[in-house]
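Note sheet for the following structure.
The values are calculated or read from the model by the stated rules, or taken from the named source; none is laboratory data. Remember, predicted model here, so these are calculated numbers, not experimental data. Cβ coordinates were reconstructed from backbone atoms using ideal geometry, including for glycine residues, and neighbour counts include every protein chain displayed. Side chains included, ligands, DNA and RNA excluded: accessible areas come from the protein's heavy atoms. Shrake-Rupley method; radii C 1.70, N 1.55, O 1.52, S 1.80 Å.
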Amino acid sequence: MEFLKEIEEILNRYPDRQGALLPSLYVAQKEYGWLSQESYEAVAQALNLPPATVKGVATFYAMYKHKPMGRHLIQLCTNVACMVMGAERLVDLLKNKYGLEPGGTTEDGRFSLVIMECIGACDKAPAMLVDTDFHADLNEKRIIEILESYK
Amino acid sequence: MEKVLLKNIDNPDSARIEAYEKSGGYSGLKKAFEMEPKAIIEEVKRSGLRGRGGAGFPTGMKWDFASRDPKFPKYLLCNADEGEPGTFKDRPLLEKRPHLLIEGMIISAYALKAEYGYIYLRGEYPHAKVVLEEAIKEAYERGYLGDNILGKGVKFHLSVHQGAGAYICGEETALIESIEGKRGQPRIKPPFPVNVGAWGMPTVVNNVETLSNIPYIIEIGGEAYSQIGNPECPGPKLFSISCCVEKPGVYELPMGTPLKEIIYEHAGGIKGGRQLKAVIPGGISTPVLTPDKIDCPMDFVNLPKVGSMLGSGAIMVFDDTVCMVKVCWRAIKFFEHESCGKCTPCREGTGWMRSILERIEGGFGREGDIELLQDVAMSIAGKTFCPLGDGAANVVLSFIRSFTEEFDYHIKNKKCITQ
C-alpha cells in the first residue's frame, strides 16, 4: 500500500517513530481527504502510537484538515498587514458571491475557506493560498478572476 | 552595500546548484573543512553575529555551549517557521537561495559535530518546501550531504520538516517538541536546548537568516564581518517592510540603518504621500513606535533605548487613516488564536483582551476599559513559560501608551477618530 510505503520512507528521517508523526499526518490527509478517526487509527498503527496521541497532536495544528473540505481550499490571510490592505472586504465578497463563510464549504463542494494568521506575504497584501498555489496583491476583481480558474 | 544574503536574487536560476556554485557558492564550505571545528566557532564568535530570529542571542556563544556538551548525536535545527506577522524576510532565502542556507547548515554542523539536521519549515510556505527538497537532493548528488562529505569523512544528513500552522512552533523549545511529533508547547528552561534539546540531545536551533550568514563569515573572516553596520551587533540584515509604504518588500541593509531611511528612502515613503502615524519595527510582538522615534537605528542595541525591539526586523508602517484600536484588536486576536494553552495567564488573558478590544472597536467600549486592559496585560507579562504572552501584553500596553487619546475617543464617542 502506497500509504505505508510513504510512511516507511518518512521513518528513515527520524530517530524514533513519533518523530514521523507530523509528516505522516500529511500523508494520511492526502490518502483519506481529511483527518478522520479512521485516518488517525491508520497512522497510529503505522507508527505504533496510541490513536489518542495521534489525535491529540493533530488537533493542535491549524493547517490539517480537521473536517471534510471542498475540492479547493482557500486560505485567506486577514492578519494586520492584509487587514490594513483590505482583506476584510474580500471575506465579505466570498460570503456574498459564493455563500462561503470562514471555516465553511460552498454547497456545491467546490471551495472551503479558512482564515489564516499571516502567510508571510505582507508586502503583497492581501494574499491567499488556494490549495498550494500562492496568490497575492488581491482585490475584489482579481480574487474572483483567480477563483474562477479553480473548477 | 554589496548584497550578501540576497546576492543574485534576480537570477531566475538562483535556486539551482549550478548557478550557486558559479557565483562562488560552496567555497565557504571548502574553506571551512580546512579549519578545525573549534576554529570555526571562534571565527563566528569574533564576527559578533547575533541570532536573526528575534532574540538576538550571540550565535558563537550558543554553538560553544552545544559543542562543549559531551553527548552525541547532536542536532542542528533551522528555524524556518517564520510566523511573526509582518515578517517575510526568510522567504526569499528559502525560495531563491536555498543553497546558501544549506551551505551555512553544513558548515555549522561540521563546527558543532552535528550529524543530523532538520529545516523546520512553516506549513504556509508550500513552494519553499518544493525548492528546498530539490536543493537538498542536488546537494546530496554533489556530495555536499551524506556520510562522507567531499571525501573528508564528515557526516551530515538534512531534511525538511513541514510545520502545520502553529506560530508557537517558532519558539525553539516548541519547535523541538513539534519535530519530535508532539503538540508544539514550549518547555521550561533550563535545561536549554544546547544541552537537552531534540530527543534529549544537545541541539542548536538557528534562524534561516542566521545560518545564511555563516558562509560569508568563513569567506571574509570574523574580523572583517564585525565591521559591517553597528559593531555592537554587526552584519548585513534583512528588513521586511509592509503596509502603508510605496515600495513594500525585503531590503538587505547594514545592521543599524535608521528606521527613517528604510521607510523614506528604500521603501519610497508613505503611500500616497499621507502622514505617518505609527510604526511597528520588529514584527507584531514588538512595541509600537510613534513618528518622533523613527530616527532610531534598526538594531538590537538602539531600539530598546526608544522602548521597542528589533525582533525579526519586520517593519509595519501605518498612516493616519489606520485605526490603532483596530490594529491592536487584530494583533491580539492573533495571539489568542496562537496561544498554545499551556500557561493560564496567556491562554485566558489573550481572550479577555481580545474581547475588551472588540467592544471598544465596535463602539461598545465602557469607562474603565483602558485600565482593565492594562490590568489584564500586566497579569500576563512575565508570568508565562515563553515570550508569546509577553508579546501580547507588550502590544496592548504600547498601543495604549502611544495612542491613549485614540482609545479614549473610541470609548467616549463610540466611533473611530479616523472617521
Mean per-residue count of partner chain Cβ within 10 Å for B:239-246 equals 4
Within region B:236-319, percent of DSSP bridges classed antiparallel, to nearest 5: 75
What full-extension length gain, to one decimal in nm, is calculated for residue B:150 and residue B:61 as 0.36 nm per residue of separation minus the Cα-Cα distance? 29.2 nm
Using only alpha-carbon positions, what ratio does the radius of gyration of region B:17-225 give when scaled by 2.2 N^0.38 Å? 0.93
Using a simple spin-label model with points 7 Å from Cα along the Cα→Cβ vector, what separation in nm is obtained for residue B:10 and residue B:401? 4.2
Given DSSP loops and a limit of at most 15 other Cβ atoms within 10 Å, what is the longest stretch of chain A that contains no such chymotrypsin sites (Phe, Trp or Tyr not before Pro)? A:35-149
Once each part is reduced to its C-alpha centroid, what is the distance from region A:38-96 to region B:345-379 in angstrom? 28
Can you compute the equivalent ellipsoid semi-axes for region A:1-86, i.e. the square root of 5 times each eigenvalue of the Cα gyration tensor, sorted largest first and rounded to whole Å? 28, 14, 12
Report, to the nearest whole %, how much of the accessible area of chain B belongs to carbon and sulfur atoms, 1.4 Å probe, protein only. 52
Solvent-accessible area per residue for the protein assembly as shown at a 1.4 Å probe radius, Å²? 39
What is the antiparallel percent of DSSP beta bridges lying wholly in chain B, to the nearest 5? 45
Taking all protein chains together and a probe of 1.4 Å, list B:97, B:359, A:89 from the most accessible to the least accessible. A:89, B:359, B:97
Within 10 Å of each Cβ in peptide A:118-131, how many partner chain Cβ atoms are there on average? Round it to a whole number, please. 6
So what are the radius of gyration and Dmax for the Cα set of chain B, in Å? 21.8, 73
Which of the pairs B:113/B:182; A:97/A:141; A:55/B:71; A:65/B:89; B:326/B:383; B:7/B:293 have their Cα atoms more than 22 Å apart in this structure? B:113/B:182; A:55/B:71; A:65/B:89; B:326/B:383; B:7/B:293
Cross-link pairs beyond the 22 Å C-alpha cut-off, checked among B:62/B:189; B:96/B:129; B:3/B:74: B:3/B:74
Trypsin sites (Lys or Arg not before Pro) restricted to region B:20-96 and DSSP loop, no more than 14 other C-beta within 10 Å: B:71
Separation between the residue B:367 and residue A:4 pseudo-spin-labels, each 7 Å from Cα along Cα→Cβ, expressed in nm? 7.2
Take chain B, mark every one of the GluC sites (Glu not before Pro) that falls in a DSSP loop and has at most 15 other Cβ within 10 Å, then report the longest stretch left between them, sites excluded. B:35-231
Spin-label model distance (nm) - residue A:48 vs residue B:383, 7 Å beyond Cα toward Cβ: 4.4
Summing -39500 (n - 2.57) over every DSSP H run of at least 4 in chain B, dividing by its residue total and rounding to the nearest 500, the 222 nm mean residue ellipticity is -12000 deg cm²/dmol
Largest-first semi-axes in Å of the equivalent ellipsoid built from the Cα gyration tensor of region A:72-148 are 18, 12, 11
Anchor residue B:271: lysines whose Cα lies under 16 Å away (excluding residues fewer than 8 positions away in-chain): A:124, B:247, B:260
Protein accessible surface hidden between B and A, which excludes ligands and nucleic acids, total in Å², probe 1.4 Å: 3500
Put +1 on the Cβ of each Lys and Arg and -1 on the Cβ of each Asp and Glu in region B:324-413; which of B:380, B:340, B:365 then has its Cα farthest toward the positive end of the dipole? B:340
Of all DSSP beta bridges located in the protein assembly as shown, what percent are antiparallel, nearest 5? 45
Could you give the distance between the Cα centres of region B:261-328 and region B:122-154, to the whole Å? 37
When the scattering of the protein assembly as shown is computed by the Debye formula from its Cα atoms alone, each counted once and equally, what is log10 I(q)/I(0) at q = 0.06, 0.10, 0.11 Å⁻¹? -0.29, -0.84, -1.04
